[in-house]
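Visitor: Can you keep this structure in mind? I'll have questions shortly.
The values are calculated or read from the model by the stated rules, or taken from the named source; none is laboratory data. This is a predicted model, so every value here is computed, not measured. Virtual Cβ from ideal backbone geometry, glycine too; neighbours counted across all protein chains shown.
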Amino acid sequence: MIAGLDGLRFQHWQAEARTDGIVVLSFDRAGQNVNTLAQEVLLELDAILERLALDPPKGLVIRSAKAAGFIAGADIKEFQSFDEKGTVGDAIRRGQQVFQRLAELPCPTVAAIHGHCMGGGTEISLACRYRVASSDPSTRIGLPEVKLGIYPGWGGSVRLPLLVGAPAAMDLMLTGRTLSGSAARAMGLVDKVVEPSQLVDAAVELAKRGAQRPFKQRFMAWLTNTWPARQLLAPMLVKQVARKARKDHYPAPFALIETWRRSGGGIQARLEAERKSVIRLSSTPTARNLIRVFFLQERLKGLGGKDHGIAHVHVVGAGVMGGDIAAWSAYKGFEVTLSDREQRFIDGALKRAQELFAKRVKDEGKRPAVAARLKGDLAGDGAAQADLVIEAIIEKPEAKRELYAQVEPRMKPDALLTTNTSSIPLTELREHITRPAQFAGLHYFNPVALMPLVEIIHHDRMAADTEKRLAAFCKAIDKLPVPVAGTPGFLVNRVLFPYMLEAVTAHSEGIPGPVIDKAAVKFGMPMGPIELVDTVGLDVGAGVAAELAPFLGIEIPAALSGQIEPGKRGKKDGQGFYAWENGKAKKPEVPKDYKVPEDLEDRLILPLLNEAVAALHDGVVADADLLDAGVIFGTGFAPFRGGPIAHIRAVGADALLAKLKSLQAKYGDRFAPRPGWDSPALRP
């Protein structure tokens, strides 16, 4: 028995006293697959630490009893409910108090980190005197709270700068990125990295003998947190953040920098400043919406199980999309064959794939094995062995149907045939397919390596099992699946198209491209629509326009109608609406006296919202949450606004409807309100 803990029963923690006087405290949250720090977990830990403080062991090691990882962070569901009940301040105060009690234990304390160590998990490790991490690739350490519209509030924003120095600490907290065990060791965040089997023994040894960090590391940690250094560094950090985020959109990074800049004194004063700042942030619309987006992402992840039955993927079409889909599938562990009508297209795709592997596979020794999974296949023989065939050829229904007639007879009986079409209704494509139940759309977005969403497109004769297998495949390649109806444009392109078309129309009226782009970015879009059209390609835009404009009843502006001039298709040719150099748009200067039209933002954003309402009304997706998730992850629609439907609820459907009618009176019927504005889903 452990002195001080005799007779006490714990639900989430198990304490083991070793013969050498070290206590190993194992965290195993009851009833959960993953360790998260709920309030009941913290209360139990507080009781344990209080007893240990009265009769300290020779050392304390904190570890996870779950193979999945150390601690995934705070219980976000609980945090969300606290926010609704207005008790988030109590939750933050409790976490700070428990971790400070751990920091004040009169014995060496060590965190033994394996697998995920996120948010509150990293904060509890920072409250320990030492940290040892597993060398396993699954070990990732980070403080991603900024992605939820807040920043570390259980002492992490105070302790990390004092441990590793302000520049490194701020980089980690402001980006939300994660570190491997070795990268954390190099930064000074952990003291030792060992094989997983040696983790607890190494932690025990650290508790017994301690570790001295290099003098330079300790000196820089002290120096960069002095008052003069804080005043010097803070404005530089603000400038860096401002290049990527607006303060009115994402206040958390700016609040973190400012709180650190002005907060000195002892640990309690710094913790109080942290607590007050994080409490304020937690009540902002940005935090509420980003937490909602987190749960939307979790919902999409949950759509895919494990049973996809796919080992071999065959991609037809080695253009940018097809080649990148093939490369990404190989990178994620699938055997892939890639075919096209000419070898030169395949060669170009394989070259791009090597660039992806060089960037993504850090261990050079593993790259050859990854590259070997992707094979060029001019004859298309891979279709006969494939469990999944993905067609990614030109956007012409007749060409696609002709291809299916050739490929489908060669396929295995249980193999799935899919199309990466961006806009063609699947009812047009499934004609003459022998097994329509195993045919679906699998629509990726460009660039494949960066865009997280894949639309799984239905049609009236598709089997439910086909959707399940494709959702599981998406999960296996780290993509978020959203099931959508097979109507023209599906969800993302249907919603995005009117926005892009209005931008091109505004440009044709003489409004400069940079002005249009700036208005969209100010709203919160990741990229302006004129730059986006250039990036997608004017030829692709024209193809989508031809497919969607009749369906939506929108007139196509001259720049996207008919044949696009060769060599002027946008970024890929180096010339479109903008000139492009080294992958970057060279935007023309706008005269300083240029007056931006007052209704420009409304002209751009309201067509997107209008079509989102119509898509929801038409049942393109099952509900408003799936629509918001699809548009956020498929277009980058301002996450801090929570998605188109969440934004409509926040601003007010009636107010937006009045604006639409005003634009309709001024510019014509393309702004006419679409069906669905009377839906209860648009009301808070």
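Visitor: Taking the conditions exactly as written (of a type outside the set (Asp, Glu), under 28 Å from the mean Cα position of the chain (by Cα) and not assigned by TED's automatic domain parsing to the domain that holds Pro397), does Pro607 satisfy them or not?
Guide: So Pro607 fits the description; yes.
Visitor: Only residues that are touching a helix residue (DSSP H, G or I) at 6+ places or on another chain (Cβ under 6 Å) and within 14 Å of Ala681 (Cβ to Cβ): list them for the range 640-655, please. Don't jump to the end; show me each part of the working.
Guide: Filtering the range 640-655 down to residues touching a helix residue (DSSP H, G or I) at 6+ places or on another chain (Cβ under 6 Å) leaves 640-648, 653.
The answer is Gly642, Gly643, Pro644, Ile645, Ala646, His647, Ile648, Ala653.
Visitor: Related question: Could you check how many residues of the range 424-468 are in contact with a His (Cβ under 6 Å, 6 or more places away or on another chain) and of a type in the set (S, T, N, Q)?
Guide: Qualifying residue count for the region: 1.
Visitor: Ok, one more. Would you check which residues across the range 578-599 are assigned to a loop (DSSP other than H, G, I, E, B), touching a Lys or Arg at 6+ places or on another chain (Cβ under 9 Å) and within 15 Å of Ile516 (Cβ to Cβ) and list them?
Guide: Tyr578, Val590, Val596, Pro597, Asp599
Visitor: Right, another one. If Pro526 satisfies every condition in (1) of a type outside the set (A, V, I, L, M, F, W, C); (2) in contact with a Gly (Cβ under 6 Å, 6 or more places away or on another chain); (3) under 30 Å from Tyr578 (Cα atoms); (4) not in a loop (DSSP other than H, G, I, E, B) but one, which is the exception?
Guide: With (1) of a type outside the set (A, V, I, L, M, F, W, C); (2) in contact with a Gly (Cβ under 6 Å, 6 or more places away or on another chain); (3) under 30 Å from Tyr578 (Cα atoms); (4) not in a loop (DSSP other than H, G, I, E, B) applied to Pro526, the lone miss is (4).
Visitor: Between Ala585, Ala612, which is modelled with pLDDT of 90 or more, touching a strand residue (DSSP E or B) at 6+ places or on another chain (Cβ under 8 Å) and either surrounded by 19 or more Cβ atoms within 10 Å (Cβ to Cβ) or within 30 Å of Ala646 (Cβ to Cβ) (or both)?
Guide: Ala585
Visitor: Further, regarding this structure: Looking at Ile124, is it buried (at least 23 other Cβ atoms within 10 Å of the Cβ) and not polar (S, T, N, Q)?
Guide: For Ile124, the condition - buried (at least 23 other Cβ atoms within 10 Å of the Cβ) and not polar (S, T, N, Q) - is met.
Visitor: Next question. Out of all the residues in the range 22-44, which are touching a strand residue (DSSP E or B) at 6+ places or on another chain (Cβ under 7 Å) and within 14 Å of Glu78 (Cα to Cα)?
Guide: Result: Asn35, Thr36, Leu37.
Visitor: For the range 23-111, which fully contained helices (runs of 4 or more DSSP H) count at least 1 residues that are modelled with pLDDT of 95 or more? Break it down stepwise before answering.
Guide: On the way: elements: 39-54, 76-85, 88-103.
Answer list for the range 23-111: 39-54, 88-103.
Visitor: So which of Arg129, Arg140 is surrounded by fewer than 24 Cβ atoms within 10 Å (Cβ to Cβ) and over 22 Å from the mean Cα position of the chain (by Cα)?
Guide: Being surrounded by fewer than 24 Cβ atoms within 10 Å (Cβ to Cβ) and over 22 Å from the mean Cα position of the chain (by Cα) holds for just one of Arg129, Arg140, which is Arg129.
Visitor: Something else about it: Within the range 361-399, how many residues are modelled with pLDDT of 95 or more and of a type in the set (D, E, K, R)?
Guide: 6
Visitor: Pick out the one residue from Asp414, Asp363, Asp307, Asp324 that is exposed (fewer than 13 other Cβ atoms within 10 Å of the Cβ), within 27 Å of the chain's Cα centre (by Cα) and in contact (Cβ under 8 Å) with a residue 24 or more places away in the chain. So that I can check it myself, show each step before the final result.
Guide: Numbers: Asp414 fails: within 27 Å of the chain's Cα centre (by Cα); Asp363 fails: in contact (Cβ under 8 Å) with a residue 24 or more places away in the chain; Asp324 fails: exposed (fewer than 13 other Cβ atoms within 10 Å of the Cβ).
Just a single option satisfies the conditions, and that option is Asp307.
Visitor: Please enumerate the residues belonging to the range 112-147 that are farther than 20 Å from Leu45 by Cβ and in a loop (DSSP other than H, G, I, E, B).
Guide: The answer is Ser135, Asp136, Pro137, Ser138, Thr139.
Visitor: Next question, about the same structure. Provide a single number: the residues in the range 420-451 that are in a strand (DSSP E or B) and within 22 Å of Tyr331 (Cβ to Cβ).
Guide: Selection size over the range 420-451: 2.
Visitor: Please specify each residue of the range 486-508 satisfying the condition of being part of a loop (DSSP other than H, G, I, E, B) and at pLDDT 95 or above.
Guide: Once the filter is applied, which keeps residues that are part of a loop (DSSP other than H, G, I, E, B) and at pLDDT 95 or above, the range 486-508 yields only Leu491.
Visitor: Can you pull out every residue in the range 654-684 that is in contact (Cβ under 8 Å) with a residue 24 or more places away in the chain, under 21 Å from Glu502 (Cα atoms) and among the hydrophobic types (A, V, I, L, M, F, W, C)?
Guide: Those that are in contact (Cβ under 8 Å) with a residue 24 or more places away in the chain, under 21 Å from Glu502 (Cα atoms) and among the hydrophobic types (A, V, I, L, M, F, W, C): Leu656, Leu660, Leu663, Phe671, Trp677.
Visitor: Could you list, in sequence order, all residues of the range 62-114 that are surrounded by 16 or more Cβ atoms within 10 Å (Cβ to Cβ) and of a type in the set (Ser, Thr, Tyr)?
Guide: Ser64, Thr109
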